[in-house]
1. Could you check, for the range 91-101, whether at least one of its residues is touching an Asp or Glu at 6+ places or on another chain (Cβ under 9 Å), exposed (fewer than 14 other Cβ atoms within 10 Å of the Cβ) and of a type in the set (K, R)?
2. What number of residues within the range 10-37 are buried (at least 24 other Cβ atoms within 10 Å of the Cβ), in contact with a helix residue (DSSP H, G or I) (Cβ under 8 Å, 6 or more places away or on another chain) and not polar (S, T, N, Q)?
3. Would you mind stating whether L373 is under 16 Å from A153 (Cβ atoms) and buried (at least 16 other Cβ atoms within 10 Å of the Cβ)?
4. Answer yes if at least one residue in the range 536-554 is touching a Ser or Thr at 6+ places or on another chain (Cβ under 9 Å), under 30 Å from G120 (Cβ atoms), at pLDDT 80 or above and surrounded by 13 or more Cβ atoms within 10 Å (Cβ to Cβ), and no otherwise.
5. When the range 364-396 is examined, which residues are found to be touching a residue at least 24 places away in the same chain (Cβ under 8 Å), part of a strand (DSSP E or B) and closer than 18 Å to G148 by Cβ?
6. Given the options S178, S131, S185, name the one that is within 20 Å of R409 (Cα to Cα), modelled with pLDDT under 90 and not assigned by TED's automatic domain parsing to the domain that holds I457.
7. Would you check if V53 is closer than 20 Å to L518 by Cα and in the same structural domain as S504 (by TED's automatic domain parsing)?
8. Here's a check for you: in the range 250-294, which residue that is of a type in the set (D, E) and either not in a helix (DSSP H, G or I) or not assigned by TED's automatic domain parsing to the domain that holds L214 (or both) is modelled with the highest pLDDT?
Amino acid sequence: MQIRELRIRDVGVIDDVTVELSPGLTVVSGETGAGKTMVVGALQLLRGERADVDQVRAGASQALVEARFAPPPPDASDYVDDEQALVAAREVAAEGASVRSKARLGGRMAPIGALSQILGSAVDVHAQADSVRLADEQWQRAVLDRMGGDGLAQQLSAYQRAWARWRDTDAELRRLASDEHERASKLQRLRDELAEIDAVDPRPGEEQELDAELTRLAHAEELAAAAVAAAEAVGAEGGARDALGNGVAALRPVAGTDSVLDAHAERLEGLAAEAQDLAFTLRAYAEDVEVDEERLAALRARKAALSDLGRKYGGNAAELAEYAAWARAEVERLAGGEQRAAELAETVERARTERDDAAAALRAARGAAAERLATEVNGHLADLAMETARFAVEVEPVEPGWEGADRVRFVLAANPGEPALPLAKAASGGERSRVALAVRLALADADDTPVMVFDEIDAGIGGAVASEVGRKLARLARGRQVLCVTHLAQLAAFADAHLTVTKSATAEGRTAARVALLDEDDRIVELSRMLSGATASELAAGHAAELRAAARRM
């Protein structure tokens, strides 16, 4: 994957420029303040990095960065219609002191995070701030882990899973211990409630049964008297039964004469039989009804007990029974708290062992990566005129955390016989810049990142060292695309392509930056300017031509 075309509009002092980029090493040069760093800033926006209101050109409504990547990055399948290329864009609008940002991938709206996910690993930017961050131990650990590649990344992932399991189980055990008093109090309360409910033992639907029986017992005498009176009315001499019997007798002489009347006679016979049976039933009911004051009192006491429970715990008998079932299960769970605590303590110890084993494996992987990084960096430092310096990576055990159980420190013995000290104490500004460059180069050697961008990595160096940096970048650019902002002709001479950024006045009297691709003759002129500060120096032009010739022989 490479950046084939880059458009920058209203970013910093850049008005609107479009440049085609080629494979290999491309350098960007220009006068101080011309806007070279805006090219790097534009690529950082495309990587999904934070936008700043100052990046929008004064007077413009929004800044725009667009790039065409070919072939598309592997993770861009959701946004690619044309399999030959992916167009990515970032718009940044200034709204007072705040900033609003939009992203597009393949012509479609996309979250800013998608830029980071898809282009972040494909375009690597090494900015000037790296030499400052080099003293930060957290950044040092990230550099070391990156040096370890996929193998170390897998070890870190395995450790983090083990650490998370230990953290979660340990937190649960701590919560269980801190809740012990509350657990015991809740357990006793539930047991007391269950004892009270079980003493009454409510049954679902019991209230309806109680109400029905209470009503019968309270009106027993009235019910018996009514049943007797009804039985007399139906079954006594001259009652309904006799009247119905007389009707049956009246129809017998004409039976068989008319089928309609026969049907009525049959019905009348049925009513007479039913009246006789009903009279017997009513007398039996009246005999069964008894006045039982003791039973009535017991029922009233039972209903009062249910009512008291309902007021105390809420709900009817069915709901009380349901609550009792839940409370019983909760008592069982809480009563098993001690056993749960013992089981959980064993789980925590197993998780701790797994965490420590994973931490040891991660430390071993980091130790191996530390040796490789130190070897690579020391090799680059020798080429950068720091032959006697010794760079090392210390990996020391510390209390386990999310990133591992290691403290990673970059140390440097700048001169023979001196102790190795942390970079912030051991290195001067120039030395730290060269160490930062050596680390970048070491990481680049270990990476397969297709596009690498270096922003003035030559700060603090010059002469033969700059030429060596140029050689290293040119070798690094074989098989990938490398962009480098530089102010040193010795480095720029090794580039496959040379872009220059210049400032000029627009028709409106404003200053705008332009980016141009130089041909070979123009490159000699630009290299002369970079060497002497002037473009008309024959001596500088000769030196520039020598630099280009030497670089071509590499």
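1. Pass one, the range 91-101, residues touching an Asp or Glu at 6+ places or on another chain (Cβ under 9 Å): 92, 94, 99-101.
Still in the running and exposed (fewer than 14 other Cβ atoms within 10 Å of the Cβ): 100.
Among the residues that remain, those that are also of a type in the set (K, R) are: 100.
Yes, the conditions are met somewhere in the range 91-101.
2. 6
3. Working: under 16 Å from A153 (Cβ atoms): yes; buried (at least 16 other Cβ atoms within 10 Å of the Cβ): yes.
Taking the combined requirement at face value, the residue satisfies it.
4. no
5. Listed by number, the residues that qualify are F391, A392, V393, E394, V395.
6. On the way: S178 fails: within 20 Å of R409 (Cα to Cα); S185 fails: within 20 Å of R409 (Cα to Cα).
Just a single option satisfies the conditions, and that option is S131.
7. Details: closer than 20 Å to L518 by Cα: no; in the same structural domain as S504 (by TED's automatic domain parsing): yes.
Answer is no for this residue.
8. At the first step, the residues of the range 250-294 found to be of a type in the set (D, E) are 258, 262, 266, 269, 274, 277, 287-288, 290, 292-294.
If we keep only those that are either not in a helix (DSSP H, G or I) or not assigned by TED's automatic domain parsing to the domain that holds L214 (or both) too, we end up with 258, 290, 292.
Details: D258: 82, E290: 72, D292: 67.
So, considering only residues that are of a type in the set (D, E) and either not in a helix (DSSP H, G or I) or not assigned by TED's automatic domain parsing to the domain that holds L214 (or both), the one modelled with the highest pLDDT is D258.
The values are calculated or read from the model by the stated rules, or taken from the named source; none is laboratory data. Every value quoted in this text rests on a predicted model; they were computed, and no experiment measured them. Glycine also receives a Cβ, built like all others from the backbone with ideal geometry; neighbour counts cover every protein chain displayed.
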